[in-house]
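One structure is given here, and the rest of the page talks about it.
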Amino acid sequence: MIRNTLCSFLLVVWAAWPVLGQPRPDRESDPKSEADSQNHQQVLLTRRNNNGPYETAAFSFRHQTQELELHRNNVDVVFSGCGQLHINPHAGLRGRIADMGKTELDKITLADLKKVPGKAWRRFCLPPVNGHIYVHEGWYLNRRFTVAFKITIVTPEKLSMRWRFLSQQEDEHPEVPNGAAGTMGQCGGKHVPR
């Protein structure tokens, strides 16, 4: 009887571990801005510490997930070991990112992108700043997307953001399968945003 109970308990813990073992965001966000976030998605990235799988260090806006089985390393942002947020982490992905400063996530529109000076756009990485809004335009194969996200928490080990699409994903052939991508190498330390 005890053996069956113990086995049942271990089976439940084993099955729940992928959900329970995930890092939780801190509750340091502004309650007023959280009330306006019904259409936003929240994601928590943990700093990448090795050259292995991204695990929770990356996110795919295109697939709207951190789950490897779903995005197959076709990710759009990586919180790299250098402490910067990297974009374009795999071959074929082209995009750019810009810091819009402190504003409200709901106030950013596609028209605002035209006001961003050319030199403000980055093609590879930039340091995340708590409370700032970023816009990310990305292109991969036949898919184009534009997202805005707000950094709600940034520490040396984790980064939390709320995000939303600024435009619907444009996809000429939505059934084109994406093959698995490799992972980018680890940064050697602090470096200049580019």
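Values quoted throughout were computed directly from the atomic coordinates according to the rules given, and no laboratory measurement underlies them. Every value quoted in this text rests on a predicted model; they were computed, and no experiment measured them. Reconstructed Cβ throughout: ideal geometry from the backbone, glycine too, with neighbour counts over all protein chains shown.
If you go through region 38-50 and keep only what is crowded, with 21+ Cβ neighbours inside 10 Å and either over 26 Å from Glu104 (Cβ atoms) or free of Cβ contacts under 8 Å to residues at least 12 places away in the same chain (or both), you end up with just Arg48.
Scanning region 129-146 for residues that are farther than 15 Å from Thr103 by Cα and not acidic (Asp, Glu) yields a count of 10.
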